[in-house]
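Working notes for the structure below.
No lab work stands behind these numbers, since they all come straight from the coordinates. Keep in mind that this is a model prediction, so the values were computed, not measured. Positions of Cβ are backbone-derived with ideal geometry, glycine not excepted, and every protein chain shown enters the neighbour counts.
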Amino acid sequence: MPRFPTKQATDSVSELSEDMGINSEQMMVRDARRFYRHLGPRGQVALSQSPLTLFIAIVVVSAPWAWPGLLENAFFVATIAFHAAIFLACFLVPWERLRPNLWLVIPLLDLFALFLTRTASLNVIPGLALLVMFPVIWLSASGLHARTSIVISIVGPLVISLPALVQHLPNPTPSDITSLLVLPLMMLAISLAIHFASANIRLHQKRIEQKDKRLGELLAESRDRERLLNAILDTVDVGIVALGPDGTTLLTNTKQESFNKAAATQAGGSVADEPRQLLFSQDRHSPLPAEKRPLRRAANGENFANYLVWMGQGPGQRAFFTASRGMDPEADDGFGGAVVVYSDVTDVIEALTAKEELVSNVSHEFGSPLTSILGNLDLVLSNPEGIGPAALDRLEVAQRNAERLRALVSDLLLSASAVLNVRPRQTDLAGLIHNSVGSAQAQADAANVQLVTDVPVPLWASADPLRMAQALDNVVSNAIKYSPNGGVVTVSAATKGDRVQVQVKDTGMGLNPDDAAKIFTRFYRSGAARKAAIPGAGLGLSITKTILERHGGSITCDSTPGKGSTFTLTLPVSTATAET
Ligand code: ADP
């Protein structure tokens with residue numbers, strides 16, 4: 001299975017969180033809220049009640065030392081029992097089954113219990129009234145019944161402060177009046193602050209939840225895409241390797257993993273492993289140099305296609321067309337990663353080789369009988385005495401056709417041979433062109449075609465005289481052959497920089513763009529040529545193209561149907577620029 005690096009996925013998630021502005025503080029708030037929710041109703045009520053209970057417990061435990069005799073006050077002890085009962089209720093009451101928010105009765109009971117406790121310890125622990133802040137905080141933070149909780153936050157402390165004032169009536173102390181005013185105001189301030197803070201937290205929470213949701217959706221989307229991509233990668237019949245900008249392998253599909261098994265001894269399929277893979281060049285035997293291996297070429301930023309390599313050895317050796325395409329051509333340092341594709345073309349290559357072998361063998365087998373036929377015809381025709389004129393005519397027809405057959409067989413042999421030897425040297429192309437035009441003169445006369453040459457003398461080029469003569473003969477004789485209604489064939493040549501250009505222009509039948517693009521393919525003949533029954537095998541131009549390319553040159557065709565064609569042959573001027 002193709003794998004995507006986990007680190008990158010994690011990085012992208014945290015980057016996404018940062019992009020969305022979720023900071024660690026907000027994460028803590030979110031985690032705290034999650035923990036609170038996780039506690040369930042009983043746990044939540046008990047947790048909210050525990051600060052007050054803890055303080056009451058501290059008062060009770062420290063009472064024998066701090067306030068001796070207080071625990072002998074039955075009223076005080078009863079109020080403590082009341083507090084304990086409230087705390088127990090937090091655990092015992094099945095809050096989850098009751099109406100939501102009914103637990104708010106607990107802070108209300110707390111206020112009442114504190115009123116009683118404060119009244120019972122009025123002159124002993126005046127500061128006990130401050131404990132009122134716990135139920136006030138709880139009520140305010142609940143976020144429910146905002147107005148009610150604010151009113152309770154004022155009324156509760158007011159009521160708790162009243163007994164002290166009442167006790168000193170008609171002469172209340174300044175401290176009684178102060179605590180009557182300050183405590184409710186303090187609690188109001190606390191309540192308001194908590195309301196604002198919790199509203200703010202709720203807002204943040206909502207934002208975080210929305211971001212969480214979006215993050216979840218993006219992750220799900222990316223997982224879906226990953227699944228789809230994996231399915232596609234494992235379905236296609238080609239091997240795929242994706243390289244990162246640093247040349248490391250980002251992913252490899254299953255097909256490629258199986259190819260690697262054929263190519264590797266114990267090596268994996270990365271750029272670093274590639275030198276140890278069994279990779280061979282076109283001849284199937286020479287190991288491919290490290291810098292010519294597909295992954296290395298791709299990692300070096302090369303884009304290529306139809307690059308043939310052989311993988312493995314022995315009967316299991318397979319041929320692959322490899323191709324590489326850069327992922328981000330605009331990357332700063334020039335290489336932004338690449339995708340390398342391997343397609344197994346062993347069957348095609350083997351079929352082509354078998355076909356070429358067959359053509360080559362058949363052509364070869366034709367050679368000996370043809371030589372014998374032509375030899376015997378030559379002997380008979382060189383001494384025609386005793387042969388009647390009709391028989392002589394037929395023998396000459398047989399000789400012409402045997403010659404054609406020999407030309408065809410030689411073309412077939414040439415096109416089937418893997419190596420077409422070309423040995424370029426400084427050659428006067430003008431001489432070759434004049435020879436070629438001279439030999440085509442008879443054909444031109446018979447076809448009513450006028451031959452014109454416009455070639456500077458001498459015209460030096462890096463050319464193999466034998467092969468270039470063959471190429472020129474092909475193009476000139478085609479120009480005459482495909483001008484069935486006569487016309488003009490002009491052969492011109494000129495040196496352009498380090499290249500020599502020869503143009504063979506005719507006013508013949510021409511080619512449509514579709515045909516013009518295919519005529520250099522072996523055995524291809526235009527529909528018009530076949531329709532006009534012009535003899536030919538479709539091999540001449542493919543051989544001509546090979547000859548030109550072996551010289552480091554090229555051949556192109558520019559044609560208009562019904563108006564004529566121009567074939568342009570380009571050659572290097574000197575051997576130094578030839579790429580043979
Ligand atoms: P052949 O001439 O034996 O068929 P070639 O390879 O020389 O084979 O040419 C391939 C095809 O290209 C021809 O069959 C013909 O259709 C087309 N062709 C070649 N030269 C010309 C030309 N000068 N004008 C028109 N068509 C041409």
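Neighbours of Asp515 by Cβ distance under 13 Å: Lys/Arg scored +1, Asp/Glu scored -1, total +2.
Quick one: of Lys355/Lys481; Lys255/Lys292; Lys518/Lys545, which pairs are farther than 20 Å apart, Cα to Cα?
Check vs 20 Å cut-off fails for Lys355/Lys481; Lys255/Lys292.
If the segment from Thr568 to Ser62 were pulled out straight at 0.36 nm per residue, it would be longer than the present Cα-Cα gap by 170.9 nm.
Relative to the Cα centre, the charge distribution of the chain, modelled as +1 at Lys and Arg Cβ and -1 at Asp and Glu Cβ, gives a dipole magnitude of about 1560 debye. As a proxy for reagent exposure, ranking Trp95, Trp67 by other Cβ atoms within 10 Å from fewest up yields Trp67, Trp95. Most tightly packed first, judged by the mean number of other beta-carbon atoms within 10 Å of their residues, the peptides 303-311, 213-221 read 303-311, 213-221. With both residues required to sit in region 404-533, DSSP beta bridges show an antiparallel share near 65%. Scanning residues 5 or more positions from Val488 or on other chains, those with amide H under 5 Å from its amide H are Gln450, Thr507, with H placed 1.01 Å from N in the peptide plane. The Cα center of region 295-357 and the Cα center of region 371-394 differ in position by 57 Å. Taking every C-alpha pair closer than 8 Å and separated by at least 6 residues, the mean separation divided by the residue count of region 239-344 gives a relative contact order of 27 percent.
Spacing of the modelled spin labels on Lys261 and Asp445, each 7 Å from Cα toward Cβ, amounts to 7.2 nm.
Of the residues Val504, Ala461, Leu192, the one whose Cα sits farthest toward the positive end of the charge dipole of the chain, with +1 on the Cβ of Lys and Arg and -1 on the Cβ of Asp and Glu, is Leu192. If only the Cβ of Lys and Arg carry +1 and only the Cβ of Asp and Glu carry -1, the dipole of region 7-213 around its Cα centre is close to 540 debye. Could you give the C-alpha radius of gyration of region 7-213 expressed as a fraction of 2.2 N^0.38 Å, taking N as the number of residues it contains? Normalised Cα radius of gyration, region 7-213: 1.26. Scan the chain and note any complete DSSP helix (H) whose C-alpha atoms cover at least 27 Å along its axis and whose Kyte-Doolittle average is 1.0 or more. Span-like helices, by this rule, are 146-168. Rounded to the nearest 5, the antiparallel percentage of DSSP beta bridges internal to the chain is 90%. One decimal place: the segment His204-Ser286 gains 22.7 nm when fully extended, by the rule 0.36 nm per residue minus the C-alpha distance.
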